[in-house]
1. It is to be established whether one or more residues within segment 161-177 are touching a strand residue (DSSP E or B) at 6+ places or on another chain (Cβ under 8 Å), of a type in the set (Lys, Arg) and at pLDDT 75 or above.
2. Among Gln49, Gln86, which is within 27 Å of the chain's Cα centre (by Cα) and among the polar types (S, T, N, Q)?
3. Using the structure shown, decide if Tyr26 is in a helix (DSSP H, G or I), under 26 Å from the mean Cα position of the chain (by Cα), under 20 Å from Glu94 (Cα atoms) and among the aromatic types (Phe, Trp, Tyr).
4. If you go through segment 64-93 one residue at a time, how many are among the hydroxyl-bearing types (Ser, Thr, Tyr), in contact with a Leu (Cβ under 8 Å, 6 or more places away or on another chain) and over 15 Å from Leu25 (Cβ atoms)?
5. Given the structure, is Ala99 surrounded by 15 or more Cβ atoms within 10 Å (Cβ to Cβ) and either modelled with pLDDT under 75 or under 15 Å from the mean Cα position of the chain (by Cα) (or both)?
6. Filter segment 58-80 for residues that are over 19 Å from the mean Cα position of the chain (by Cα), free of Cβ contacts under 8 Å to residues at least 40 places away in the same chain and within 19 Å of Leu21 (Cβ to Cβ); which is surrounded by the fewest Cβ atoms within 10 Å (Cβ to Cβ)?
7. Of the residues that make up segment 110-120, is at least one surrounded by 11 or more Cβ atoms within 10 Å (Cβ to Cβ), at pLDDT 75 or above and assigned to a loop (DSSP other than H, G, I, E, B)?
Amino acid sequence: MYSDLYKAWKSEKSNSLPQPLPEELYHRTIMYLRGLDEELATTDRHTIQGRLLVKEKEVTDRLLHELMQARLQKIVSAAQNHAHIQTTSLTENESKSLAKIEQTVSSLDQPPSKLDETGLIVVRILEDLPEIVGVDLRIYGPFKKEDVASLPEPNARALEKQGAAKAIEVKDFPKCG
């Protein structure tokens, strides 16, 4: 088991894309670590055998963590760069994670929908408020009590429901100039 983990770790460290893993490697490694824990529970850690078991557990933990971290970094990087990864090289959970990451990245690539002037509501702020992020992904505020602001309608309505703002009716003014 340890040799399979070491080979997978070494292969992962020397390649830029996730490498195929031996069948059930993560599950077998976790079972192996549990076995080491059980053996350590009945072994004196001050003996040579005890110290070797502690070291074996530490090294196995480190290899597993580094393997998983390297694979995760490759998956995230590939998703950000829209690079293709062979899903046959991924575990089932990694494939699901890749799909979620790709979905998130593609939604970030889409420009936020623009609200036109009619999507803004003028409100009077009823209490001091910190900065808020509008549905248009713009930063509004911070606000002091009695400030007047134009906010996207969903944000303005939410502040109204919280009792932190009140909509103001704005009448058309003649244009200057």
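The values are calculated or read from the model by the stated rules, or taken from the named source; none is laboratory data. Everything numeric here is computed off the predicted structure, so don't read it as measured data. As a convention, Cβ positions derive from the backbone with ideal geometry for all residues, glycine included, and neighbour counts pool all protein chains shown.
1. Within segment 161-177, one or more residues are touching a strand residue (DSSP E or B) at 6+ places or on another chain (Cβ under 8 Å), of a type in the set (Lys, Arg) and at pLDDT 75 or above.
2. Gln86
3. The answer is yes for Tyr26.
4. Qualifying residue count, segment 64-93: 1.
5. no
6. The selected residue is Arg62.
7. There is no residue in segment 110-120 that is surrounded by 11 or more Cβ atoms within 10 Å (Cβ to Cβ), at pLDDT 75 or above and assigned to a loop (DSSP other than H, G, I, E, B).
Rundown of residues vs (1) hydrophobic (A, V, I, L, M, F, W, C); (2) in a helix (DSSP H, G or I); (3) in contact (Cβ under 8 Å) with a residue 40 or more places away in the chain; (4) on the phi > 0 side of the Ramachandran plot, yes/no style:
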position	(1), (2), (3), (4)
Lys7	no, yes, no, no
Pro18	no, no, yes, no
Ile30	yes, yes, no, no
Leu36	yes, yes, no, no
Thr43	no, no, no, no
Glu56	no, yes, yes, no
His82	no, no, no, yes
Lys96	no, yes, no, no
Lys100	no, yes, no, no
